Structure formats: C-alpha cells, structure tokens
Amino acid sequence: MALTTLDLSVFNHDREQFALQLRSGLSQHGFVKLIGHGISESAVSKAFEWNKSFFQMRSEDKQLIAHPGGPEPQRGWSAVGAESSSSLYRKGLLKSNITEGLRDAREHFDQGPPTDSRYPTRWPPERALPGFKSFMEEFFELLQGVAADLMAALELAFGLPQGAFVDLMTHQGNASELRLLHYPAVEVEKIKTGNVSRIWPHFDLGVITLLFQDDVGGLEFENRNQRGAFSRVDCSNPLEMVVNVSETLQRWTNGTLPAGLHRVNLPKNLENNESGTMPERYSIAYFCKADRSASVGSLKYFVSAGHDPEYEDISALEYQQQRLQSAY
Ligand SMILES: O=C(O)CCC(=O)C(=O)O
Ligand SMILES: [Fe+2]
C-alpha cells in the first residue's frame with residue numbers, strides 16, 4: 001500500500017487544495033509523504049553527514065552527554081537499548097499484550113528548541129564535533145517552519161479559526177524535539193528471534209512527526225483496515241519527508257485524526273533471509289510538540305454538543321512525563 005505524496009509548495013498558491021489533500025491523506029493512513037517542503041537537498045544530505053559523525057564520536061564524548069532516562073524531556077545521547085519502544089506502546093494509547101523484555105537496536109541524539117532554557121540540549125563538546133550545534137539549530141528551525149505550515153493547513157481543512165493548532169505549539173515553552181537515529185548493523189538471526197527490533201510498533205507522543213530516512217529501508221506503518229498488518233514506506237528518495245499523526249493530534253481532534261502506528265523492521269531484501277547482516281541505518285525525526293503548558297485534551301471544536309470529550313485536559317509536559325516514564 002503506497003502513501004499519498006503531497007507537494008507543500010502548492011500550499012503557497014492553492015491553500016485549500018493542499019489542506020484538503022493533507023487531511024484526506026492523514027485520515028487514510030495516519031501518514032503521508034511530502035515533497036516541495038523547501039528544505040534543500042544539500043541541507044538534508046548535510047544533516048545525514050552530521051548524523052553519521054555524531055555516532056562515530058568517541059564513546060567517552062557521547063558518555064559526557066548521556067541522557068539519564070526517566071520522565072524528563074530527552075536531551076543528548078541515548079545508548080543502544082536505553083529507550084524501550086515496546087513498553088511505550090504497551091502502556092500507551094492501546095493496551096496491548098506485548099511481553100516484557102523486547103529490546104530496541106538503536107541509539108539516538110535528542111535536541112530541544114534552541115530557546116529552551118528549562119531543559120537545555122546536552123551538546124557534545126565543540127572540539128569533538130565543530131559546527132554540529134550551529135547546523136543542528138538551523139535545521140531545527142527549518143523543520144519547525146514546515147510543521148507550522150502543515151498545522152496551518154490542517155486548521156484550514158477542519159474549518160478552524162486561524163491559530164487553533166499553531167498557537168498551541170509556538171509560544172513560550174515550545175517543546176518540539178529533533179532526533180538523530182542510528183540503527184547499527186545487526187544480524188538477521190538476532191531480529192528473527194523476536195526479542196530485538198530496530199523499533200517496535202509505537203505511536204509518537206507529539207502533534208505530528210516529520211522524518212527523513214536513508215535508503216536502507218524498514219520503516220512500516222500499520223494498515224488501518226487490518227490491525228497488525230504493516231506496509232512499507234518507500235525509501236528511494238531521501239529528500240522525501242515522511243509525515244505522521246502523533247498522539248497529541250489524535251487527542252486534540254478528539255480521535256478524528258488517529259495517530260499512525262509504525263515500526264522499523266527488516267528491509268524488504270532481507271525479509272525472507274534467515275541469516276546475514278542487516279546494514280546500519282540512519283534517520284532524522286522532528287517531533288513537533290505542543291507547548292509544555294498547553295493542554296493536550298480534546299479541543300472544543302471536535303467535541304459534539306452534549307458529548308463528553310474523549311481526552312481529558314492535561315498539560316503537554318505532564319502527559320509527556322507520564323508517557324516517557326513507561327519507556328525506561
Ligand atoms: O527511524 C525511523 O524511520 C523511525 C523512527 C521513529 O519512529 C521514532 O524515533 O519515533
Ligand atoms: Fe516513531
């Protein structure tokens with residue numbers, strides 16, 4: 001099943017057309033692909049180069065900025081296996097029976113907004129990676145701009161007042177995050193035991209997620225009409241952005257736009273192999289999140305008169321803390 005590919009540049013001259021296509025694509029699968037997003041090929045390939053350089057840093061330098069785990073926003077380096085995506089899902093929106101002890105074969109670097117003084121990013125020492133911080137801060141701003149356009153388009157598509165979504169994600173306490181992911185090479189045999197995955201099926205916690213991936217493959221989304229069946233996301237063009245609905249948008253829309261369940265599995269060329277090595281993989285995810293103090297309860301526009309909202313008012317920070325606590 002292929003995802004709809006949309007061109008964000010259309011939003012500059014035909015706002016309505018783009019908005020309705022975005023709503024329809026996200027309603028169908030929780031996922032769309034995006035081109036014309038304005039982030040240049042050279043910026044994307046530079047970001048992938050930094051991604052590689054970061055994880056190639058000496059382990060001592062990564063250790064200096066290790067994320068301690070727990071409920072606070074993730075900042076700095078998380079080693080392979082530090083965060084458990086399987087428990088995030090199990091204790092998340094859907095109560096599934098996934099068993100304990102499922103491990104993730106990935107490491108990541110998490111960065112908060114450049115303006116965040118409450119939870120500052122743990123940057124590697126400048127001598128270890130000169131130029132990394134300034135590039136990543138600029139890249140963050142580019143992704144923030146794309147996310148704001150997409151959310152403005154969704155306001156239009158749902159006939160909401162201008163700012164109904166965007167004003168909840170651009171003020172004091174912006175909590176969006178940019179994540180560099182590295183999935184080291186791993187034996188197919190290890191994946192086939194069923195205890196280890198690159199990333200287990202899960203929902204992202206924020207509003208929407210924007211993702212770039214290299215051409216190794218393995219990202220899959222769940223088919224809405226067939227629970228438990230996953231389709232591959234094409235990875236032939238690293239400039240194409242993958243956009244998915246995350247938990248906060250499901251909550252804000254009172255369930256009208258359900259979050260997209262996804263995982264990273266064996267790439268297509270290895271799925272029938274019993275042995276061999278799955279090559280390393282890199283991806284870059286921008287988690288667009290609500291301002292920390294904004295509520296992630298159902299917004300009034302989506303709750304019919306006389307009905308109770310599906311989702312209670314709770315601040316974005318508290319919600320994230322509750323959810324993250326389960327991932328460690
Ligand atoms: O690496 C990918 O393609 C997906 C990463 C992901 O789902 C996540 O970090 O939440
Ligand atoms: Fe994810």
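The values are calculated or read from the model by the stated rules, or taken from the named source; none is laboratory data. The structure presented is a predicted model; accordingly, all values stated were derived computationally and were not measured. Reconstructed Cβ throughout: ideal geometry from the backbone, glycine too, with neighbour counts over all protein chains shown. Just the protein is used for accessible areas: all its heavy atoms, side chains included, with ligands, DNA and RNA removed. Shrake-Rupley method; radii C 1.70, N 1.55, O 1.52, S 1.80 Å.
Okay, here's what the table says:
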item: I191 being more than 11 Å from ligand 1 (Cβ to nearest atom), surrounded by 23 or more Cβ atoms within 10 Å (Cβ to Cβ) and of a type in the set (A, V, I, L, M); result: no
item: Residue, farthest from I39 (Cα to Cα), within the stretch 105-135, restricted to residues that are open to solvent by 50 Å² or more (accessible area, probe 1.4 Å) and not in a loop (DSSP other than H, G, I, E, B); result: K133
item: Number of the exception - E177 against (1) under 18 Å from V242 (Cβ atoms); (2) away from ligand 2 (no atom under 16 Å from the Cβ); result: (2)
item: Near pairs, Cβ below 6 angstrom, 6+ apart or cross-chain, from the stretch 144-170 (over 18 Å from L8 (Cβ atoms)) to any residue that is open to solvent by 40 Å² or more (accessible area, probe 1.4 Å); result: L160/Y301
item: Matching residues, the stretch 8-54, being of a type in the set (S, T, N, Q) and either free of Cβ contacts under 8 Å to residues at least 60 places away in the same chain or open to solvent by 20 Å² or more (accessible area, probe 1.4 Å) (or both); result: S9, N12, Q17, Q21, S24, S27, Q28, S40, S42, S45, S53
item: Complete set of residues in the stretch 55-65 that are loosely packed, with under 14 Cβ neighbours inside 10 Å and not charged (D, E, K, R); result: Q56, S59, Q63
item: Test: residue in the stretch 291-314 that is aromatic (F, W, Y) and open to solvent by less than 10 Å² (accessible area, probe 1.4 Å); result: no
item: Verdict on K91 being among the charged types (D, E, K, R), out of contact with any Ser or Thr (no Cβ under 9 Å at 6 or more places or on another chain) and modelled with pLDDT under 95; result: no
item: The one condition in (1) closer than 19 Å to S85 by Cβ; (2) away from ligand 2 (no atom under 16 Å from the Cβ) that K268 fails to fulfil; result: (1)
item: Candidate set: the stretch 70-88, residues that are open to solvent by 20 Å² or more (accessible area, probe 1.4 Å) and away from ligand 2 (no atom under 16 Å from the Cβ); chosen: the one modelled with the lowest pLDDT; result: G81
item: Every residue from the stretch 291-303 that is closer than 29 Å to F212 by Cα and out of contact with any Phe, Trp or Tyr (no Cβ under 8 Å at 6 or more places or on another chain); result: D291, R292, S293, A294, S295
item: Number of positions in the stretch 281-322 that are in a loop (DSSP other than H, G, I, E, B) and either free of Cβ contacts under 8 Å to residues at least 60 places away in the same chain or of a type in the set (D, E) (or both); result: 15
